[in-house]
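Structure first, commentary second.
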Amino acid sequence: MINKSRRTFLRNTALGGFAVVLGNFPLHASTRDLDLVKLTILHTNDVHSRIEPFPMDGGRNQGKGGAAKRAALIKKIREEQKNVLLFDAGDYFQGTPYFNFFGGELEFKLMSEMQYDAATIGNHDFDLGLEGLAKQLPVATFPLLNTNYDFKDTILHNKIEPYKIFKKDGIKIGVFGLGIELSGLVPKNLSGNTIYNDPIASASLWANKLKNEMKCDYVVCLSHLGYKYENEKISDHTLAASTENIDLIIGGHTHTFLQTALPLKNKVGETVLVNQAGWGGIMLGRVDIMFERNRKGRCETCENVVIK
């Protein structure tokens, strides 16, 4: 149970911490007394094979992005921060001739060099079929996570994991993945016998397992559902409102540029953060979480970084 002074500190930090997330969190005497642990979560989505920066053609994205600059920024943050995790929310394939020539091998090699910890599967990651994705899996040094695609009657059976648990400085982080409905987005000859299951039901099941059965302190969903829609299509917004036990949703698919994560309320009134970092590797998403060791208190701050 967190006492009143600790609750006040955590609340004030959560409201006022956005200005400091790109540097080191200032550990004053009062914060040291609370024995805080800082976790930094970095993330990308919808990179779409953008290996080089956008061309200098006068467009609004000219010179932005590129794998080399992203790798340098990630390296810099890892040198500054002790506990860092790096995720991707899908659609790393398709978008430039690099994918046409190398079939996804280069994307996975570069993500492995950057030491991604996990990724989920986007609809464009099926663009060379199940066989094309399976062919490149040995190149990836990180797991692909998905809980709502049933691959049991496909070549991907037992090659995609539902979740992964990471431990950082005594903090236990559970991560699982969700994919968008494939019908209408992925031709049947590419998705094969993949069965799409309801993402809200899958999320509810696995978030409960991670938080309550496996006793994770923080649960992250890597989602390729999309940020928000005008219709009834399931999005990160509806996912947040319809579930519990998820602390952070890292999204993709809709190429939504957010300067900072959006706090929403879940089905029991608790806060869940939703974040997305545009597309094309233009941005690196970042969420910093401060945990009070041996207690359940925490606060989150976030500011996504444009890679110039």
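Comparison of Leu128, Leu73, Leu144 shows that the only residue that is aliphatic (A, V, I, L, M) and either under 30 Å from Asn212 (Cβ atoms) or free of Cβ contacts under 8 Å to residues at least 24 places away in the same chain (or both) is Leu144. Can you tell me which residue within region 29-61, out of those that are touching a Phe, Trp or Tyr at 6+ places or on another chain (Cβ under 9 Å), in a loop (DSSP other than H, G, I, E, B) and at pLDDT 95 or above, is surrounded by the fewest Cβ atoms within 10 Å (Cβ to Cβ)? Going through the qualifying residues, I end up with Glu52. Here is the figure for region 253-286: residues that are among the polar types (S, T, N, Q), over 23 Å from Asn146 (Cβ atoms) and assigned to a loop (DSSP other than H, G, I, E, B) total 2. Out of the residues in region 149-204 meeting the condition of being hydrophobic (A, V, I, L, M, F, W, C) and touching a Gly at 6+ places or on another chain (Cβ under 6 Å), tell me which one is farthest from Asp35 (Cα to Cα). This residue is Leu190.
Ala89 - would you say it is touching a residue at least 24 places away in the same chain (Cβ under 8 Å), in contact with a Phe, Trp or Tyr (Cβ under 9 Å, 6 or more places away or on another chain) and crowded, with 20+ Cβ neighbours inside 10 Å? Here the answer is no, as Ala89 does not meet what is asked. Looking only at residues of region 62-79 that are assigned to a loop (DSSP other than H, G, I, E, B) and of a type outside the set (D, E, K, R), we find that the one that is surrounded by the most Cβ atoms within 10 Å (Cβ to Cβ) is Gly65. Across region 258-283, the qualifying residues are those that are β-branched (Val, Ile, Thr) and over 12 Å from Ser223 (Cα atoms), and the one among them that is surrounded by the fewest Cβ atoms within 10 Å (Cβ to Cβ) is Val268. Among the residues making up region 76-107, those that are within 30 Å of Val37 (Cβ to Cβ) and either among the β-branched types (Val, Ile, Thr) or touching a Lys or Arg at 6+ places or on another chain (Cβ under 8 Å) (or both) are Ile77, Gln81, Lys82, Asn83, Val84, Leu85. Collect the residues in region 215-252 that are closer than 20 Å to Asn146 by Cβ, of a type in the set (Asp, Glu) and in a loop (DSSP other than H, G, I, E, B), keeping them in residue-number order. Hit for region 215-252 is Asp247, nothing else. Within region 176-204, residues that are at positive phi and of a type outside the set (S, T, N, Q) reach partners that are in a helix (DSSP H, G or I) and surrounded by 14 or more Cβ atoms within 10 Å (Cβ to Cβ) with beta carbons closer than 6 Å, at six or more positions or on different chains, in the pairs Gly192/Leu130. Applying the set (1) free of Cβ contacts under 8 Å to residues at least 24 places away in the same chain; (2) closer than 29 Å to Asn61 by Cβ to Asn275 leaves exactly one unmet item: (1).
All of (1) assigned to a strand (DSSP E or B); (2) touching a Ser or Thr at 6+ places or on another chain (Cβ under 9 Å); (3) within 22 Å of Tyr116 (Cα to Cα); (4) not small (Gly, Ala, Ser) hold for Cys299 with one exception: (3). Checking each residue in region 206-257 for being crowded, with 17+ Cβ neighbours inside 10 Å, under 27 Å from Leu185 (Cα atoms) and either hydroxyl-bearing (Ser, Thr, Tyr) or modelled with pLDDT under 95 (or both) picks out Ser223, Tyr227, Ser235, Thr238, Thr243, Thr254, Thr256.
The values are calculated or read from the model by the stated rules, or taken from the named source; none is laboratory data. Quantities reported herein were computed from a predicted structural model and do not represent experimental measurements. Heads up, the Cβs are rebuilt from the backbone with ideal geometry, glycines too, and the neighbour counts pull from every protein chain shown.
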